[in-house]
Amino acid sequence: MEVMMRHTRQVPLRIGHRGAAGHAPENTLLSIETALALGAEVIEIDVHRSLDGQLIVMHDERVDRTTNGSGYIRDLTLAQLQKLEMAARQRVPTLPEVLQAVRGRAALMVEIKVRRIVPEVMRATAEVPEVSVFYASFLHSELLRVRELGPAAQTIALIEAVPVSFTAFALEARATHAGLAFESLEPAFVDGLQEAGLYVFTYTVDAARDIARARSLGVDGLISNFPDRLMPD
C-alpha cells in the first residue's frame, strides 16, 4: 500500500503504536490486525536481531517484559524466541511476517532499535514492495545508512528533546521526517522543521486533549496506542 505524505497542516496520518498497543499485546500480529481494523493508515513496529540473524519485532532489548521468558533478544535464536508466549497466546513475530500481514493494507513505520541491521531490514522490505515503509530511529547514523542504500527512502529522525537548532538533528541525518515526543512539541519547533521541508510526526498521543493539541500545531502524523481515537471528527 503506497502512502504518499500529505502536504503539511492537513489531516495527519493515523499511526498505530506497536500495532494498537492500547487494545492488544504490543508488537504482535494480533495488535497489528487490531490497528488495521481500527483505521490505522501506518503501523509502527520495533525491530531487533536475534542470535541467528533473524529480524525480530519487539520493543525492548530483553524479552522479560512482554513474554514468559528471560534474556536478551541478541542472545536467543528465532526458534527459542518463537517458543515464548506473550499475552493473549501470541508469539514473537518476525519482520517478514509483519510485512506480509500489512501487505496492501497499510504502510509500515519500522523503528531500528540496534545498530548494523539496516541492510537486512532493507532487504526484507524490498521483498514486499507493496508496503510503503518509513525507517525510523533514535540512532541517527543508522538513518544515514538507510539513505546510502536507498536514496529515495522515507526516514524519520526520532528525538525526545527540544534542541538548540530545531532542524540540525534531522538535516544532518538526511531525514525526510522528524519524530518528536509529544512533550517536546512547541509551535516554533514544528514550524521550523516544516519550513525546512521536513514532515513532523509526534508520539505517543492517547488522550483526547493531547491529540487535539498536536492537531492544532499542524503535525503531519499522530502515533497512538489507540488508533481509533485518531479518526477524523
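Structural remarks
- Test: residue in the range 80-92 that is within 19 Å of the chain's Cα centre (by Cα) and over 17 Å from Thr34 (Cα atoms): no
- Applying a threshold of 6 Å to beta carbon distances and a minimum spacing of six or more residues, or different chains, the list of pairs starting in the range 202-222 at a residue that is touching a residue at least 60 places away in the same chain (Cβ under 8 Å) and ending at one that is of a type in the set (D, E, K, R) reads Gly218/Arg9.
- Of all the numbered requirements in (1) touching a helix residue (DSSP H, G or I) at 6+ places or on another chain (Cβ under 8 Å); (2) crowded, with 19+ Cβ neighbours inside 10 Å; (3) in contact (Cβ under 8 Å) with a residue 60 or more places away in the chain, Phe166 misses one, and that requirement is (3).
- Condition met for Asp64 (part of a strand (DSSP E or B) and either in contact (Cβ under 8 Å) with a residue 40 or more places away in the chain or out of contact with any Lys or Arg (no Cβ under 6 Å at 6 or more places or on another chain) (or both)): no
- Condition met for Gly197 (out of contact with any Cys (no Cβ under 8 Å at 6 or more places or on another chain), at pLDDT 95 or above and assigned to a loop (DSSP other than H, G, I, E, B)): yes
- Search result, residues across the range 175-194 that are outside any helix (DSSP H, G or I) and out of contact with any strand residue (DSSP E or B) (no Cβ under 7 Å at 6 or more places or on another chain): Glu186
- Number of the condition not met by Glu33 [criteria: (1) over 24 Å from Ile159 (Cα atoms); (2) in contact with a strand residue (DSSP E or B) (Cβ under 7 Å, 6 or more places away or on another chain); (3) buried (at least 16 other Cβ atoms within 10 Å of the Cβ)]: (2)
- When restricted to residues that are among the β-branched types (Val, Ile, Thr), within 15 Å of Ile32 (Cβ to Cβ) and under 14 Å from the mean Cα position of the chain (by Cα), the range 108-140 contains 3.
- Residue check for Ile56: touching a residue at least 60 places away in the same chain (Cβ under 8 Å), closer than 27 Å to Gly150 by Cα and of a type in the set (A, V, I, L, M): no
- Residue check, Leu143 modelled with pLDDT of 95 or more and either touching a Gly at 6+ places or on another chain (Cβ under 6 Å) or buried (at least 20 other Cβ atoms within 10 Å of the Cβ) (or both): yes
- Candidate set from the range 106-140 (those that are of a type in the set (A, V, I, L, M) and free of Cβ contacts under 8 Å to residues at least 60 places away in the same chain); member that is surrounded by the fewest Cβ atoms within 10 Å (Cβ to Cβ): Ala126
- Just one of (1) aliphatic (A, V, I, L, M); (2) at negative phi; (3) touching a residue at least 60 places away in the same chain (Cβ under 8 Å) fails for Ala88. It is (2).
The values are calculated or read from the model by the stated rules, or taken from the named source; none is laboratory data. These figures come from a predicted structure and were not determined experimentally. For neighbour counting, all protein chains shown are included, and Cβ atoms are generated from backbone atoms with ideal geometry for every residue, glycine included.
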